[in-house]
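Okay, structure first, notes after.
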Amino acid sequence: MAEKILQIRFQHFEAVNELSIEDSKLIKEAFDACLSAYAPYSAFPVGAAIILEDDSIITGTNQENASYPCGICAERTALYTYSALRKTSRIMSMAVCCSRLYPNEWPASPCGLCRQVITEFEQNNSGPIRILLGHPQGQIITFDSASTLLPFGFSSKDLSR
Ligand code: THU
């Protein structure tokens, strides 16, 4: 038996003004997107914004339903929009922000379903997708690759016979 330890590398910023102009713009896009969330049941609006290599930005928000499982998170709305629009330009980064006064110290981070989906988009992307998580009070954490958020994840490689 060999016990192993997995380390996760991420960057921590105290405020948006510590980010590059491009990253701070993407965080703002994600915050602003929260306005179009449909979250009457959770009262927890979330916005996601992805920036492509051609500099275009696609946003997504959580969309809920009286039949709760029908709802979808902001991250998947943004990625499925990218796919539905048949975009081919590489995805560079995704910012995720929630808008209400959030009680936890760390920014909210993508749920397990979204981690699974973001990781598959990353595998089909020609390079890593950076993840930027913004806290309503200003602090930000970033990851160089979506795969960092899903260690030991399941992928299409596991299906090959
Ligand atoms: N939600 C997101 O959209 N993204 C996340 O990263 C976490 C959770 C949504 C799902 C649901 O509409 C609401 O937030 C509360 O869970």
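If you take the residues in segment 101-124 that are part of a helix (DSSP H, G or I) and within 22 Å of Pro136 (Cβ to Cβ), which one is nearest to the ligand (Cβ to nearest atom)?
So, considering only residues that are part of a helix (DSSP H, G or I) and within 22 Å of Pro136 (Cβ to Cβ), the one nearest to the ligand (Cβ to nearest atom) is Cys114.
Can you list residue pairs whose Cβ atoms sit under 8 Å apart, with the first residue in segment 27-56 being under 25 Å from Pro69 (Cβ atoms) and within 15 Å of the ligand (Cβ to nearest atom) and the second being of a type in the set (Lys, Arg) and assigned to a loop (DSSP other than H, G, I, E, B)? Count only pairs 6 or more apart in sequence or on different chains.
The qualifying pairs are Ala43/Arg100; Phe44/Arg100; Pro45/Arg100.
Step by step: first the residues of segment 1-24, then only those that are surrounded by 16 or more Cβ atoms within 10 Å (Cβ to Cβ) and not aliphatic (A, V, I, L, M), then the one that is farthest from the chain's Cα centre (by Cα). Which residue is that?
That would be Phe13.
I need every pair where a residue in segment 74-88 that is more than 21 Å from Ser109 (Cβ to Cβ) has its Cβ under 8 Å from the Cβ of a residue that is outside any helix (DSSP H, G or I) and away from the ligand (no atom under 16 Å from the Cβ), sequence separation at least 6 or different chains.
Going by the 8 Å Cβ cut-off, the qualifying pairs are Lys87/Leu52; Lys87/Ser56.
So which residues in segment 71-87 are in contact with an Asp or Glu (Cβ under 9 Å, 6 or more places away or on another chain) and either away from the ligand (no atom under 16 Å from the Cβ) or not hydrophobic (A, V, I, L, M, F, W, C) (or both), if there are any at all?
Passing the criteria: Gly71, Lys87.
Take segment 71-100 and flag every residue that is assigned to a helix (DSSP H, G or I), farther than 20 Å from Leu35 by Cα and not polar (S, T, N, Q).
The one that is assigned to a helix (DSSP H, G or I), farther than 20 Å from Leu35 by Cα and not polar (S, T, N, Q): Ala84.
Taking the condition of being modelled with pLDDT of 95 or more and under 21 Å from Leu150 (Cα atoms), how many residues in segment 83-108 meet it?
8
Please find, within segment 148-161, the residue that is farthest from Gln116 (Cα to Cα) out of those that are in contact with a Lys or Arg (Cβ under 9 Å, 6 or more places away or on another chain) and in a helix (DSSP H, G or I).
That would be Thr148.
With the structure loaded, tell me whether Pro136 is buried (at least 20 other Cβ atoms within 10 Å of the Cβ), in a loop (DSSP other than H, G, I, E, B) and not β-branched (Val, Ile, Thr) or whether it fails that test.
So Pro136 fails the test.
Looking at Phe31, Phe44 in this structure, which one is surrounded by 12 or more Cβ atoms within 10 Å (Cβ to Cβ) and at pLDDT below 95?
Phe44 is the lone residue from the list that is surrounded by 12 or more Cβ atoms within 10 Å (Cβ to Cβ) and at pLDDT below 95.
The values are calculated or read from the model by the stated rules, or taken from the named source; none is laboratory data. What you see is a predicted model, and the numbers here were worked out from it, not measured in a lab. Using ideal geometry, Cβ is built from the backbone for each residue, glycine included, and neighbour counts are taken over all protein chains shown.
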